[in-house]
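**Student:** Mind having a look at this structure? Questions to follow.
The values are calculated or read from the model by the stated rules, or taken from the named source; none is laboratory data. Keep in mind that this is a model prediction, so the values were computed, not measured. Note that each Cβ is placed from the backbone with ideal geometry, even for glycine, and that neighbours are counted across all protein chains shown.
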Amino acid sequence: MHLTRTILPNGATLLLIESHQAPVCYFSIGLRVGSRYENDSESGLSHMLEHMLFKGTAKLKVGELAKIIEGSGGDVNAYTSFDETVYYATFSSRYWERSLEALSDSVLNAALDPQELAREQEVVVEEILRGKDSPNRCLSQGLFEQVYQKHPYGRPIIGTEEKVRGFSRKQVWDFYQKHYIAPNMVVLLAGDFPAKKAYARLEKIFGSLAKKTAPKEKIIKEPKQNKARSLVLTKEIQSYNLALAFPGPSLKDQDLPCLDLLSHILGEGEGSRLDMEVKEKKQLVHSVYSHVFSPAQPGLFMLGATLEGPKVEKALSAIHESIQKIQNQGIGVGELQRAKLNIKSDAIYEKETIQGFSRKYAYYESILGHYDFEQRYYQAIEECNAAEVQQIAQNYLDFNKLNLALLRPQKRAFQQQSKKLLKAYQGIKKQKIQKPRSNLEPQWVTLKNGFRLIFQENHLIPTFVLRSAHLGGLRVEKNQENGIHYLFSQLWARSTAKYNSFELARTIEKTAGSLEAYTGKNLSGLRGDFLSDKMDQGLDLFLDALLHPSIEGEGLNFEKMAHLEAIKREKDQPSQQCFRFFFEALYPKHPYGRSMLGKEANVRAWKQKDLLHCHQNLLNPKESVLAIVGDFDTQELLDQLGPLLEKLKPSKKQKQTITPDPAPKQKIFLENFNDKLQAHIIVGFRGLTFYDQERYALDILNNLLSGQGGRLFLELRDKMSLAYTVTTVNQEGLEPGYFGIYMGTEGSKVEKALEGIEKELKKLLAGGIKKEEVARAKRALVGGYEMEIQRKSMIATQLAFNEVYGLARDEWQALPQKILQVPHQAIEDVARKIIQPDKAIISVLRPKAKA
């Protein structure tokens with residue numbers, strides 16, 4: 001990696017990072033303007049402008065930017081924070097020049113058309129309404145308003161409905177001219193590009209900007225907090241959500257490294273104190289965390305939990321007790337070393353992708369004025385000692401500086417008062433990187449019992465990943481078993497024959513790795529990611545969990561309660577509910593129609609033996625695959641794994657015959673109502689299986705309809721302002737999957753949205769697929785896949801899944817070519833086969849009409 005930094009005469013900063021590890025480029029344009037630079041009348045204007053810069057220039061029509069980037073095998077997006085606005089794209093390096101020029105033109109030469117502004121204002125309002133339906137966003141905004149009573153961090157970045165609807169074209173244009181100037185810009189190009197040519201192109205584009213003086217920021221300091229504050233919010237939800245915050249550091253604060261270490265020890269990861277003491281031991285919460293929010297100006301030390309109503313006060317007391325133990329007794333040397341290792345290992349894992357290791361340099365340059373922050377940060381991490389962490393805990397986690405917020409259901413018996421919550425909280429007294437070698441082709445080994453192993457050596461980064469895949473999951477569950485794979489997945493990597501839950505979490509943390517289980521509609525399995533120098537420990541942990549999970553009675557009871565709570569929380573997600581009604585109609589008998597979470601009665605009935613039986617059925621060797629990718633020696637691993645995995649015996653469970661449901665014979669319309677602010681729509685159809693050769697054509701069709709450059713986004717969102725979210729969904733299965741259109745819109749716009757969807761589908765079926773659309777979609781799919789396949793985890797997943805499904809072993813390598821070779825006619829054919837409007841299933845979940 002070679003990095004060069006140039007400040008042009010007009011003040012714009014260029015960062016070029018040359019790396020040829022993959023044929024990919026990452027390009028970003030960062031502006032030193034975010035919501036903190038706004039006055040009250042401008043609240044939300046930075047975010048509004050971010051939306052508008054995708055709405056065309058003199059050269060580019062609306063939607064053309066996304067078409068160019070996605071058509072270059074990439075993706076483009078933007079975000080607005082308190083401190084900056086960033087436009088970024090990742091794309092295939094073979095198309096670096098046109099992608100770079102398109103994004104630059106969009107940022108520097110925005111048209112800001114008044115009609116487009118009016119449409120986009122409606123889109124942003126939809127985004128605001130969607131946020132109001134999100135428990136996490138409501139709680140976060142309430143907490144920030146409580147902490148930042150003067151400072152602009154207390155205002156929502158997105159603004160309010162009233163402010164957004166009131167923005168004039170002149171107001172947006174003036175803000176654009178004031179802030180989108182050379183001294184405010186940090187331009188980053190990273191990846192596989194010709195250095196001299198790229199620099200010359202960037203210098204020409206950004207060096208031509210006028211030299212202007214950046215506007216002086218009015219700095220508003222938040223008054224010092226001397227008294228604890230609390231807030232109780234209510235909403236039509238099922239679960240309780242708790243958040244705590246103490247005034248914290250900015251990114252440049254010298255206390256930040258020690259605070260990050262404190263946060264890791266206190267509440268980050270499964271081996272943290274809060275996880276071990278409050279969640280596992282006392283079982284007072286379903287989840288718990290801590291986090292340091294360190295923006296450009298003073299931030300927060302944050303903690304949070306999801307839990308049940310009767311346990312709120314005890315949980316608060318237990319959280320305070322964990323904090324006080326560190327304040328009074330300090331931390332152990334082992335804890336500190338594990339936290340340091342975890343923080344430093346993040347930097348290693350980030351290096352797998354171009355965007356992963358490069359974007360932070362632009363962020364540091366934008367916020368701090370120098371990109372080389374990281375080296376000094378990690379040096380400070382290494383130098384921090386246990387006494388300093390204890391002192392930091394005493395200084396920052398002071399009760400008088402506490403801000404506490406609880407979001408609870410409106411109709412529950414446990415209606416906590418904010419003062420009682422404060423009393424409850426107060427109740428407690430006082431590694432070396434090896435020289436890269438050539439990557440080897442995958443090697444397949446089938447053991448005597450049928451268990452298959454796949455090895456692919458990749459020595460670029462000193463890590464290795466393991467992915468096991470076993471036929472099972474929702475598809476094989478009978479009614480009384482519905483949800484058991486989900487529950488088992490929560491327990492599988494929780495404790496083993498060698499380690500109880502505390503020991504396992506702590507041992508994983510020592511390796512700076514991760515170990516978790518997953519489940520889905522067709523498969524269940526384990527994922528493990530470890531550093532190469534922790535090979536022995538990582539393998540031991542993975543195999544112990546894979547072969548010898550210990551379903552502890554106490555742990556089982558706790559996860560059953562968490563599972564029941566997850567079933568309740570699912571009802572707080574209207575988009576999921578809308579899909580649930582759709583699935584039940586498409587799959588009246590097939591297991592795909594059921595919820596992954598299952599039913600409350602099932603969960604309550606299961607015992608330890610049921611979960612162990614589920615594990616035994618999953619580890620049927622003839623239906624199991626383990627793929628390992630990374631920095632290792634294949635023969636050494638085979639010698640360790642083979643003898644252990646060959647001991648597995650075939651499952652005694654009879655193989656099920658699963659019959660697909662017949663395709664719908666007529667249109668089905670489902671309408672349901674809720675108390676939310678936004679409506680959700682799904683127009684869906686029966687889809688394809690993994691084995692249908694038409695699936696490549698359907699992938700292309702799905703892509704050309706979806707994304708910011710897709711026709712649905714352009715027509716239904718950009719032109720008609722019917723939605724904040726509109727996309728297509730396409731999922732294959734071992735039996736036929738589904739294809740559909742999902743939209744989130746305002747309740748009053750449901751009928752117009754349905755008409756708009758119907759119109760677009762009719763245009764599509766009338767032969768309206770253009771050659772340039774297909775070419776763009778193909779490039780997008782291939783480029784996106786090539787970016788994903790940078791990751792060892794993605795390679796291992798592809799190898800394992802393709803093997804267990806019985807697909808071609810070279811599918812993961814052949815996929816790009818298969819997509820590129822799909823003829824135009826095949827796409828039109830699959831559109832007519834799948835999209836049959838007279839057999840559509842339409843699911844609508846909308847707000848109840850106001851009385």
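For every residue, the table says whether it meets (1) assigned to a loop (DSSP other than H, G, I, E, B); (2) more than 30 Å from the chain's Cα centre (by Cα); (3) surrounded by fewer than 21 Cβ atoms within 10 Å (Cβ to Cβ).
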residue: E145; (1), (2), (3): no, no, yes
residue: K150; (1), (2), (3): yes, yes, yes
residue: Q171; (1), (2), (3): no, yes, yes
residue: L188; (1), (2), (3): no, no, no
residue: K221; (1), (2), (3): yes, yes, yes
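**Student:** Could you identify the single residue in A102, A78, A89 that is in contact with a His (Cβ under 9 Å, 6 or more places away or on another chain) and either closer than 30 Å to E786 by Cβ or assigned to a strand (DSSP E or B) (or both)?
**Tutor:** A78
**Student:** Looking at Y425, Y486, which is the one that is touching a helix residue (DSSP H, G or I) at 6+ places or on another chain (Cβ under 9 Å), at pLDDT below 85 and not in a strand (DSSP E or B)?
**Tutor:** Y425
**Student:** What pairs come up if the first residue lies in the stretch 207-231 and is farther than 28 Å from L139 by Cβ, the second is of a type in the set (A, V, I, L, M, F, W, C), and their beta carbons are under 6 Å apart, counting only those six or more places apart or on different chains?
**Tutor:** Correct list of pairs: G207/L8; L209/A182; K212/I181.
**Student:** Take the residues in the stretch 724-749 that are in contact with an Asp or Glu (Cβ under 8 Å, 6 or more places away or on another chain), in a strand (DSSP E or B) and of a type outside the set (V, I, T), then tell me which one is modelled with the highest pLDDT.
**Tutor:** N730
**Student:** Restricting to the stretch 201-219, what's the tally of residues that are farther than 13 Å from V33 by Cα and assigned to a loop (DSSP other than H, G, I, E, B)?
**Tutor:** 7
**Student:** Taking the stretch 591-616 as the region of interest, how many residues are surrounded by fewer than 18 Cβ atoms within 10 Å (Cβ to Cβ) and either β-branched (V, I, T) or closer than 20 Å to T659 by Cα (or both)?
**Tutor:** Summing the residues that are surrounded by fewer than 18 Cβ atoms within 10 Å (Cβ to Cβ) and either β-branched (V, I, T) or closer than 20 Å to T659 by Cα (or both) in the stretch 591-616 gives 3.
**Student:** How about the stretch 619-723: which strands (runs of 3 or more DSSP E) wholly inside it have at least 1 residues that are at pLDDT below 95, out of contact with any Phe, Trp or Tyr (no Cβ under 8 Å at 6 or more places or on another chain) and under 30 Å from K55 (Cα atoms)?
**Tutor:** Those strands (runs of 3 or more DSSP E) span 678-686.
**Student:** Report, by residue number, each residue of the stretch 14-24 that is assigned to a strand (DSSP E or B) and either at pLDDT 95 or above or over 24 Å from the mean Cα position of the chain (by Cα) (or both).
**Tutor:** L14, L15, L16, I17, E18
**Student:** A further question follows. So if I check each of E50, E38, which one is in contact with a Gly (Cβ under 9 Å, 6 or more places away or on another chain) and among the acidic types (D, E)?
**Tutor:** E38
**Student:** Please find, within the stretch 155-169, the residue that is nearest to S748 (Cα to Cα) out of those that are touching a helix residue (DSSP H, G or I) at 6+ places or on another chain (Cβ under 7 Å) and surrounded by 18 or more Cβ atoms within 10 Å (Cβ to Cβ).
**Tutor:** By that ranking, first place goes to V164.
**Student:** May I ask you to list the residues in the stretch 765-792 that are within 27 Å of G520 (Cα to Cα) and either surrounded by fewer than 21 Cβ atoms within 10 Å (Cβ to Cβ) or of a type in the set (A, V, I, L, M, F, W, C) (or both)?
**Tutor:** Matches in the stretch 765-792: A780, L781, V782, G784, Y785, E786, M787, E788, I789, Q790, R791.
**Student:** Given the structure, is Q480 surrounded by fewer than 19 Cβ atoms within 10 Å (Cβ to Cβ), under 28 Å from Q790 (Cα atoms) and touching a helix residue (DSSP H, G or I) at 6+ places or on another chain (Cβ under 9 Å)?
**Tutor:** No; evaluated as a whole, the condition is false for this residue.
**Student:** Also, I was wondering about something else. Pick from D133, D83: which is modelled with pLDDT of 95 or more, crowded, with 19+ Cβ neighbours inside 10 Å and under 30 Å from S294 (Cα atoms)?
**Tutor:** That would be D83, the only listed residue that is modelled with pLDDT of 95 or more, crowded, with 19+ Cβ neighbours inside 10 Å and under 30 Å from S294 (Cα atoms).
**Student:** Same structure, new question: Looking only at residues in the stretch 349-371 that are touching a Phe, Trp or Tyr at 6+ places or on another chain (Cβ under 6 Å) and not basic (K, R), which one is modelled with the lowest pLDDT?
**Tutor:** E350
**Student:** Also, I was wondering about something else. Count, please, the residues in the stretch 723-740 that happen to be within 18 Å of E751 (Cα to Cα) and crowded, with 21+ Cβ neighbours inside 10 Å.
**Tutor:** 4
**Student:** Here is a follow-up. In the set S19, S28, which member is hydroxyl-bearing (S, T, Y) and over 30 Å from Q297 (Cα atoms)?
**Tutor:** So the residue among S19, S28 that is hydroxyl-bearing (S, T, Y) and over 30 Å from Q297 (Cα atoms) is S19.
**Student:** Being among the small types (G, A, S), surrounded by fewer than 20 Cβ atoms within 10 Å (Cβ to Cβ) and under 28 Å from T634 (Cα atoms) is true for just one of A497, A517, A493, A512. Which residue is that?
**Tutor:** The conditions single out A497.
**Student:** Could you check S104 against (1) under 23 Å from F167 (Cβ atoms); (2) modelled with pLDDT of 95 or more and say which number it fails?
**Tutor:** In the conditions (1) under 23 Å from F167 (Cβ atoms); (2) modelled with pLDDT of 95 or more, S104 misses (1) alone.
**Student:** Every residue in the stretch 531-548 that is at pLDDT 95 or above and not in a helix (DSSP H, G or I), please.
**Tutor:** H548, the sole residue that qualifies.
**Student:** I need the full set of residues from the stretch 72-88 which are among the aliphatic types (A, V, I, L, M) and within 20 Å of V782 (Cβ to Cβ), in order please.
**Tutor:** Within the stretch 72-88, just V76 meets the criteria.
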